1. Using 0.36 nm per residue, how much length does the chain from residue 167 to residue 150 gain when fully extended, once their Cα-Cα distance is taken away?
2. With everything on Cα atoms, drop me the angle between helix 324-339 and the longest principal axis of the chain, reported from 0 to 90° to the nearest 10.
3. Any idea what angle helix 103-117 forms with the longest principal axis of the chain, computed on alpha-carbon atoms, 0 to 90 degrees, nearest 10?
4. Given R₀ = 45 Å, what would the calculated FRET efficiency be for residue 40 paired with residue 266, taking r from the Cβ atoms and rounding to 0.05?
5. By DSSP, what percent of the beta bridges with both residues in region 2-126 are antiparallel, rounded to the nearest 5?
6. Suppose the chain between residue 49 and residue 225 were pulled fully straight at 0.36 nm per residue; how much longer would it get relative to their current alpha carbon spacing?
7. Once you've got the GNM for the chain with C-alpha springs shorter than 10 Å, pick whichever of 159, 134, 214 has the biggest mean-square fluctuation.
8. Relative contact order of the chain: what whole-number percent is it, with Cα pairs under 8 angstrom and at least 6 residues apart?
């Protein structure tokens, strides 16, 4: 057996090769993150191998930097294992009490971890292209949602300085509010505006004349700053909000269109196009999980267990050592299934029983999430629709 540890970086990769006795075959060397470097690694591997089955290559899942090298090695027929950096970190720390971390040490730790655990590991299997598409597009969607949330917080901060009275009476993020604030970003801009002009921009329920008159009065007596800087910043952040809202809407429509191909996952209560696409994209090949408990742990929702001597922790929290996007989708799905206005389902029934037993809302949601994740595992594994009676 030959074991190859690769410490991945953005511009270079550090590599070491050892045999199944732990003896170094190829001492630490570096390749560039390009085709020249990839071919150099391929040549080095061929020079010391007898059969493809003897080669076991390990690398950490470090963002996106490992993907091109991983795909290249798989195309050459090698078995590649992508490892959680947390596991190799523990492996490295266990070899020495010294606080030393170098690329050479990291590649050695990866190599030895593969050597000790390759029998229980699953080599990476390339996902179908449409699963990868879902992963990329949902991550982009969630990323823009986060940016939009920060932009809205920034607009509120600016309005607290320039027009705090508006925040007390109106929602600053409605379409008509954004249009009005963009045209009149500070109170002084509204003073000379005819009331009918303001009425024409309002799209609210109730007496628009009364609301327009209120805006005029608020602007007249406002304590907000009316500097040029405030005008520029308010308009700039509103442009950002409008931009991201448009992109998010477009992404949501695209995801909904792609999810028409996956009706089975959408049959689970609480799962809509966004949560469904997130779960499919982040899960990838379901066969890489040995059972439903491994799949549940991948969400990072397994409980932390701590025992020492006679001590056993009575209250445990979730580990959060898993895929953050999957965990968020699971919580969202559970809340919709249990608290939403949808049809009665077994998850909502369990949630209500837990609440009647004085369980906290979050604890009940977390307990239901486990059942939902197990159901998702069965659906993906057996390629079937959700059955509310099982």
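All of the numbers you see were taken from the coordinates with simple rules; none came from a lab. Since the structure is predicted, the reported quantities are computational estimates derived from the model, not experimental observations. Please note: Cβ atoms are built from the backbone with ideal geometry, for glycine as well, and neighbour counts cover all protein chains shown.
1. 4.4 nm
2. The helix 324-339 is inclined about 50 degrees to the chain.
3. Around 70 degrees separate the two axes.
4. 0.45
5. The answer is about 55 percent antiparallel.
6. This chain segment gains 56.1 nm when fully extended.
7. Per the Cα network of the chain with a 10 Å cutoff, 214 tops the list.
8. Dividing the mean separation by the residue count of the chain yields 13 percent.
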